[in-house]
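Below you'll find the structure, written out as structure tokens, and then a few comments.
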Amino acid sequence: MSTRCIALLGCKDEPTDALEEYSRYLAAALEVHDIQLEIRRVPWEIHGWTEALHALRIQAFRWRDTWVLLQYTALAWSPRGFPRKVLPALKILKSAGARVGIVFHDVEPYPGTRLIDAIRRFAQVRTMRRALALADLAVFTVPPERLSWLPAVPPNATFIPVGPNLPIPVARTAFTNQNPVPTIGVFSITGGESGVRETKIILASVRHATQKLGKIRLSIFGRHAEDRENELREGLRDVPVELSVEGVVESAEVVQRLSRCDVLLFVRGPISSRRSSGIAGIACGLPVIAYPGSETAPPITDAGVVLVSADRPNELSAAIVRVLSDADYRMELAALSRAAYQSHFAWHVIATRFSALLTTR
């Protein structure tokens with residue numbers, strides 16, 4: 001008889017919902033372990049909190065002795081990142097006799113220098129600490145000892161990285177790209193002002209690389225990519241770059257596009273084991289050029305990741321030139337990415353770790 005578990009999500013993100021994709025891939029991988037993971041939501045953005053929590057209370061009575069894994073990001077439980085309603089949701093589950101787990105996809109409070117940012121950080125840290133105390137199991141998507149708000153790792157905490165949220169073929173072939181034009185991939189750009197900053201970084205680094213390498217192909221796709229297309233095309237005017245810009249594409253097409261690249265450029269903040277768009281490049285056997293941060297630690301650093309300083313733009317440009325011009329170096333990095341994916345980021349590995357937790361506690 002299979003074991004039943006629940007993945008509990010907050011509001012749905014559009015146009016793509018990374019937490020729902022994560023839950024679906026995890027559910028498929030857990031089937032091998034005879035674990036049935038069902039996806040449920042607390043749709044507060046549709047019905048309001050009073051009705052949404054009432055509906056959760058009714059459902060929770062059927063979840064006694066069932067693992068319920070609440071998927072946490074601040075914005076999934078609050079329109080402005082004040083996620084205090086997570087706590088009554090967890091208390092409802094506990095009072096119904098469910099076995100409560102929480103998966104922290106946001107592991108640190110949001111940055112910012114305004115007064116409202118400081119208030120939001122205080123609220124997020126307070127909520128995360130209280131949620132951790134309520135949960136029977138806490139899964140962090142980065143090593144918990146790296147977190148600023150956690151003075152000591154509690155006994156109910158464990159670390160499991162996220163997967164690539166992509167249909168990666170089981171049988172991976174070696175990195176054998178023979179692109180006539182060196183190709184850089186960028187998978188998604190952040191929205192808002194952060195996206196403006198990222199676009200400037202991409203433009204500067206690619207322009208510099210063409211001075212050393214000549215013609216380059218730049219493939220940018222995913223969320224918010226189309227929002228930056230005009231800036232990208234204007235910024236690369238009269239530069240020998242073959243530019244392709246697309247918005248959200250099907251997951252299988254993401255794999256195809258990444259597999260046709262020579263390197264993934266990841267400048268959406270520091271890379272870590274919770275950044276699925278960076279892990280996508282690793283899963284597709286690519287070298288990845290990225291920034292380090294407080295969350296950057298093994299196993300992400302075991303992959304073919306070239307870390308460069310965000311404060312020294314020349315390092316980013318130099319890294320692109322070296323990866324694209326040195327075939328042996330590129331293949332060495334690609335081999336490290338393939339090995340790290342198979343050891344740490346493949347869904348069957350992640351599911352095995354979840355299975356051990358859910359069936360032995």
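Take the conditions within 19 Å of the chain's Cα centre (by Cα) and hydroxyl-bearing (S, T, Y) and apply them to T66. Does it pass? In short, no. Taking residues in segment 155-168 that are surrounded by fewer than 17 Cβ atoms within 10 Å (Cβ to Cβ), and partners anywhere that are of a type in the set (S, T, N, Q) and modelled with pLDDT of 95 or more, the pairs with Cβ atoms closer than 7 Å and at least 6 places apart or on different chains are P167/S251. Based on this model, can you work out whether R24 counts as under 26 Å from the mean Cα position of the chain (by Cα), assigned to a strand (DSSP E or B) and touching a residue at least 12 places away in the same chain (Cβ under 8 Å)? No.
If the condition is being crowded, with 16+ Cβ neighbours inside 10 Å, more than 18 Å from the chain's Cα centre (by Cα) and not in a helix (DSSP H, G or I), then segment 319-361 contributes no residue at all.
In this structure, is G269 more than 16 Å from the chain's Cα centre (by Cα), more than 14 Å from I216 (Cα to Cα) and not in a helix (DSSP H, G or I)? For G269, the condition - more than 16 Å from the chain's Cα centre (by Cα), more than 14 Å from I216 (Cα to Cα) and not in a helix (DSSP H, G or I) - is not met. Of all residues in segment 106-128, count the ones that are surrounded by 14 or more Cβ atoms within 10 Å (Cβ to Cβ) and part of a helix (DSSP H, G or I). Of the residues in segment 106-128, 9 are surrounded by 14 or more Cβ atoms within 10 Å (Cβ to Cβ) and part of a helix (DSSP H, G or I). Mind checking whether some residue in segment 230-237 is in a helix (DSSP H, G or I) and in contact with a Ser or Thr (Cβ under 6 Å, 6 or more places away or on another chain)? Yes: one or more hits. Within segment 222-246, the set of residues being over 20 Å from V323 (Cβ atoms), surrounded by 13 or more Cβ atoms within 10 Å (Cβ to Cβ) and touching a strand residue (DSSP E or B) at 6+ places or on another chain (Cβ under 7 Å) comprises G222, A225, E226, E229, L232, V245, E246.
On inspection, T50 does not qualify as at negative phi, assigned to a loop (DSSP other than H, G, I, E, B), assigned by TED's automatic domain parsing to the domain that holds A356 and among the hydroxyl-bearing types (S, T, Y). When segment 93-105 is filtered for residues that are in a helix (DSSP H, G or I) and either acidic (D, E) or surrounded by fewer than 20 Cβ atoms within 10 Å (Cβ to Cβ) (or both), the ones remaining, listed by number, are K94, S95.
Does R64 satisfy being farther than 18 Å from P167 by Cβ, part of a loop (DSSP other than H, G, I, E, B), at pLDDT 95 or above and in the same structural domain as H105 (by TED's automatic domain parsing)? Judged against the criteria, R64 is a match. Is it the case that I300 is closer than 22 Å to G192 by Cβ, modelled with pLDDT of 95 or more and within 17 Å of the chain's Cα centre (by Cα)? Taking the combined requirement at face value, the residue does not satisfy it. Just give me the residues in segment 1-18 being crowded, with 23+ Cβ neighbours inside 10 Å and closer than 17 Å to T141 by Cα, in sequence order. Matches in segment 1-18: A7, L8, L9.
Taking residues in segment 93-106 that are closer than 10 Å to A135 by Cα, and partners anywhere that are basic (K, R) and surrounded by fewer than 23 Cβ atoms within 10 Å (Cβ to Cβ), the pairs with Cβ atoms closer than 8 Å and at least 6 places apart or on different chains are R99/R361; V100/K94.
Touching a helix residue (DSSP H, G or I) at 6+ places or on another chain (Cβ under 6 Å), assigned to a strand (DSSP E or B) and within 30 Å of Q71 (Cβ to Cβ): is that true of G247 in this structure? Don't jump to the end; show me each part of the working.
Details: touching a helix residue (DSSP H, G or I) at 6+ places or on another chain (Cβ under 6 Å): yes; assigned to a strand (DSSP E or B): no; within 30 Å of Q71 (Cβ to Cβ): yes.
No.
If we scan segment 83-92, do we find a residue that is surrounded by fewer than 22 Cβ atoms within 10 Å (Cβ to Cβ), under 24 Å from E21 (Cβ atoms) and touching a Ser or Thr at 6+ places or on another chain (Cβ under 9 Å)? Yes, segment 83-92 contains at least one residue that is surrounded by fewer than 22 Cβ atoms within 10 Å (Cβ to Cβ), under 24 Å from E21 (Cβ atoms) and touching a Ser or Thr at 6+ places or on another chain (Cβ under 9 Å). Scan segment 71-90 for residues that are outside any loop (DSSP other than H, G, I, E, B) and out of contact with any helix residue (DSSP H, G or I) (no Cβ under 7 Å at 6 or more places or on another chain) and the total you get is 1. Per the listing C11, C5, the residue uniquely in contact with a helix residue (DSSP H, G or I) (Cβ under 9 Å, 6 or more places away or on another chain) and in a loop (DSSP other than H, G, I, E, B) is C11.
Within segment 327-361, can you find the residues that are closer than 18 Å to R275 by Cα and hydroxyl-bearing (S, T, Y)? Selection gives S337, Y341, S343.
The values are calculated or read from the model by the stated rules, or taken from the named source; none is laboratory data. Just so it is clear, the structure is predicted and the values come from calculations on it, not from any experiment. Virtual Cβ from ideal backbone geometry, glycine too; neighbours counted across all protein chains shown.
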